[in-house]
1. Looking at this structure, is Lys55 of a type in the set (D, E, K, R) and modelled with pLDDT of 95 or more?
2. Name the residues in the stretch 31-46 that are in a loop (DSSP other than H, G, I, E, B) and touching a strand residue (DSSP E or B) at 6+ places or on another chain (Cβ under 7 Å), would you?
3. Looking at the stretch 31-44, which of the residues that are more than 20 Å from Met73 (Cβ to Cβ) and loosely packed, with under 12 Cβ neighbours inside 10 Å is nearest to the chain's Cα centre (by Cα)?
4. Would you confirm whether any residue within the stretch 71-90 is more than 13 Å from the chain's Cα centre (by Cα), within 20 Å of Glu15 (Cα to Cα) and basic (Lys, Arg)?
5. Restricting the search to the stretch 45-80, which residues are open to solvent by 60 Å² or more (accessible area, probe 1.4 Å) and closer than 23 Å to Asn31 by Cβ?
6. Tally up the residues in the stretch 43-92 that are under 20 Å from Arg23 (Cα atoms) and either hydroxyl-bearing (Ser, Thr, Tyr) or without any contact (Cβ under 8 Å) to a residue 12 or more places away in the chain (or both), please.
7. Out of Arg12, Arg78, which single residue is out of contact with any Leu (no Cβ under 7 Å at 6 or more places or on another chain) and of a type in the set (D, E, K, R)?
8. Against the condition part of a strand (DSSP E or B), touching a Leu at 6+ places or on another chain (Cβ under 7 Å), open to solvent by less than 60 Å² (accessible area, probe 1.4 Å) and at pLDDT 95 or above, how does Ser28 come out, does it pass?
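The values are calculated or read from the model by the stated rules, or taken from the named source; none is laboratory data. Quantities reported herein were computed from a predicted structural model and do not represent experimental measurements. Every residue, glycine among them, receives a Cβ derived from its backbone with ideal geometry; neighbour counts consider all protein chains shown. Surface accessibility is based on the protein's heavy atoms, side chains included, excluding ligands, DNA and RNA. Shrake-Rupley method; radii C 1.70, N 1.55, O 1.52, S 1.80 Å.
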Amino acid sequence: MALTGAGCSGLRFVENYPSGKLRKSGMSALNGDQIGEWTFYYENGNRQAQGLYVKDIQEGDWSYWFPNGELEMQGAFRGERRSGRWRYFHPS
């Protein structure tokens, strides 16, 4: 679905699994780059990862989850690399 209004600079992007369940969603720049907040999902519907893209590069804070929905790890990206302290969690 295209965004409308002043300053429109991208399109809403949604991809589904063959089953029809949501696989990922976020914004895509007009040139195809991923931009802004993106969320990725396991086929069971639980979140897999969530974070920001800037010009198709992971940037800023990201969170990842195990397939059961429990938090797996959190940390930040700066210029395509993990940056600073990353926290890792073990599933219950």
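1. Numbers: of a type in the set (D, E, K, R): yes; modelled with pLDDT of 95 or more: no.
Spelling it out, it is not the case that Lys55 is of a type in the set (D, E, K, R) and modelled with pLDDT of 95 or more.
2. Tyr42, Asn46, listed by residue number.
3. Gly32
4. No, the stretch 71-90 contains no residue that is more than 13 Å from the chain's Cα centre (by Cα), within 20 Å of Glu15 (Cα to Cα) and basic (Lys, Arg).
5. Leu52, Val54, Lys55, Asp56, Arg78, Glu80, listed by residue number.
6. Here the count works out to 3.
7. Arg78
8. Working: part of a strand (DSSP E or B): yes; touching a Leu at 6+ places or on another chain (Cβ under 7 Å): yes; open to solvent by less than 60 Å² (accessible area, probe 1.4 Å): yes; at pLDDT 95 or above: no.
No, not satisfied.
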